[in-house]
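See below for the structure under consideration.
The values are calculated or read from the model by the stated rules, or taken from the named source; none is laboratory data. Since the model is a prediction, treat every value here as computed from it, not as a measurement. Counting neighbours? That spans all protein chains shown, and the Cβs are built from the backbone with ideal geometry, glycine included. Side chains included, ligands, DNA and RNA excluded: accessible areas come from the protein's heavy atoms. Shrake-Rupley method; radii C 1.70, N 1.55, O 1.52, S 1.80 Å.
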Amino acid sequence: MVDPTPADSLIDDELLARIRSRAATYDRENRFADDDLRELTEVGYLRMFAPVEFGGLGFSLARVAREQTRLATAAPATALAINMHLVWTGVATVLRDRGDTSLEWVLQDAVAGEIFAFGNSEAGNDLVLFGSTTAAVPGADGSYAYTGRKIFTSLSPVWTRLGVFGRDDSDPEAPLLVHAFLTRGTPGIETLSDWDTLAMRASQSNTTILDGAVAPADRVFRKLPVGPSADPLIFGIFSTFEILLAAVYTGIGQRAIELAVEAAHRRTSMKAGGRPYAHDPDIRWKVAEAGILHDGIPPQIEALARDVDEQVAHGAAWFPKLVGLKVRATETAREVVDLALRVSGGSAIASSSELGRLYRDVVAGIFHPSDGESAHSTVANALLGPVPE
């Protein structure tokens, strides 16, 4: 793995500033961050995981997580959208590192300029990867036709490869969950224009309707029994998704602290004779509290990502660790942004306020899997054992 120092970030200060300058417009106009994607593609951002011998950058998961945190300080919605491409290339890397080359072509496609999106989420499916409301009907040639409704399809305007899964009930005694990739332009795929949301607007995570959309046999890459599975694919998806998601929301928290510090130095108190609020003990406590909360999360992301990279054998403890990180990171970011808002004063409520936008964006963290209920159930089962039937 090539793992440059943080000073060698793909996103230099000038690019970061340009991305930040566009974020408010994308949010206000509720449109996709096309210019962000173009510039990030130019610096190799979408091929970070691909190995050097394929033409990629060969970055580790730990390095990619740091890059995503940095990007999210400027444009959380852009980072969240690109996360979904990075999840699939990250999954391919996790599998390849463990001797499974079944998704090696994903890394080659990413180098060739293909954009991958995550089409697994379904309304009302609290089984997440262990069940599906989408029908997967097998064809005689090994292909599968998918019919169902996928929600939160980030990168909707630009993806070229959509990872999906559905349930194959052709054998009622042994139903399967079938994972495959669909190609944009395939008949039976419709993208709705329904992403009009409180938060993360530039991600354009529209609903995708599948009506008999066919994935050819060579793009069907896993068939698993319904229910929990120890297959490496499941670990690959959970590990990259949860760690990179935590990185994005941690970037929001980092930027919120920067804005709180700026506000504390900028605002002055008439009661204190014009002294800056940075000298006020109550304001200082709030900024310090935000710093204390935030400071504990990046080392956790780094450590768990490195454990994935180095194939540390956590065994059954992996999933409690991953869901715990996601919940801690997203909830901590919410607390930090809330404190920053209190420090910044009434100007933060303006629609033009960056901190006000972060306050909306950070709320989206509660909706990503694993949600609080699912995460606590996972950890409770690990600590207490499952509840008997």
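Give me the extension gain from ARG184 to GLU331: residue separation times 0.36 nm, minus the current Cα-Cα distance, reported in nm with one decimal. Let's see the in-between values first.
Values: separation 147, 0.36 × 147 = 52.92 nm, distance 3.52 nm.
Full-extension gain reported as 49.4 nm.
Among 90-97, 173-180, 216-223, 266-273, sorting by the average number of other beta carbon atoms lying within 10 angstrom of each residue, highest first, gives 90-97, 173-180, 216-223, 266-273.
May I ask you to give the percent of accessible area on the chain that is carbon plus sulfur, with a probe radius of 1.4 Å?
Result for the chain: 55 percent of the exposed heavy-atom area is carbon or sulfur.
With r defined as the distance between the Cβ atoms of ASP13 and THR41 and R0 fixed at 25 Å, what FRET efficiency is calculated, to the nearest 0.05? The value I calculate is 0.85. Full extension of the segment from SER269 to VAL158, taken as 0.36 nm per residue of separation minus the current Cα-Cα distance, would add 35.1 nm.
Rolling a 1.4 Å sphere over the protein heavy atoms, what is the accessible area per residue of the stretch 152-296, to the nearest Å²? Walk me through the numbers before you get to the answer.
On the way: 6370 Å² over 145 residues.
Roughly 44 Å² per residue, with all protein chains present.
Percent of Cα pairs in the stretch 118-222 per distance bin of 10 Å, from zero to the largest separation: 16, 49, 28, 6, 1.
Rounded to the nearest 0.05, what FRET efficiency do GLU289 and ARG360 have when you use their Cβ-Cβ distance and R0 = 22 Å? In this case the efficiency is close to 0.50. When the charge dipole of the chain is built from unit charges on Cβ atoms (+1 for Lys and Arg, -1 for Asp and Glu) and taken about the Cα centre, the candidate among LEU304, VAL91, ILE189 whose Cα reaches farthest toward its positive end is LEU304.
For the pair ASP194 and THR25, a Förster radius of 22 Å applied to the C-beta separation gives a FRET efficiency near 0.55, rounded to the nearest 0.05. At each listed q (0.16, 0.17 Å⁻¹), what is the log10 of I(q)/I(0) that the Debye formula gives for the stretch 1-147 modelled as equal alpha-carbon point scatterers? Summing over Cα pairs of the stretch 1-147 leads to -0.96, -1.04. Here the spin labels are modelled as points 7 Å beyond Cα on the Cα-Cβ line, and at VAL226 and ASP126 they lie 1.8 nm apart.
A crude spin-label estimate for the pair ASP100 and ASP171, with each label 7 Å from Cα along the Cβ direction, gives 2.0 nm.
Order of 300-306, 69-75 by packing, highest average Cβ count within 10 Å first?
Numbers: 300-306: 19.7, 69-75: 25.1.
Highest-to-lowest ranking by the protection proxy: 69-75, 300-306.
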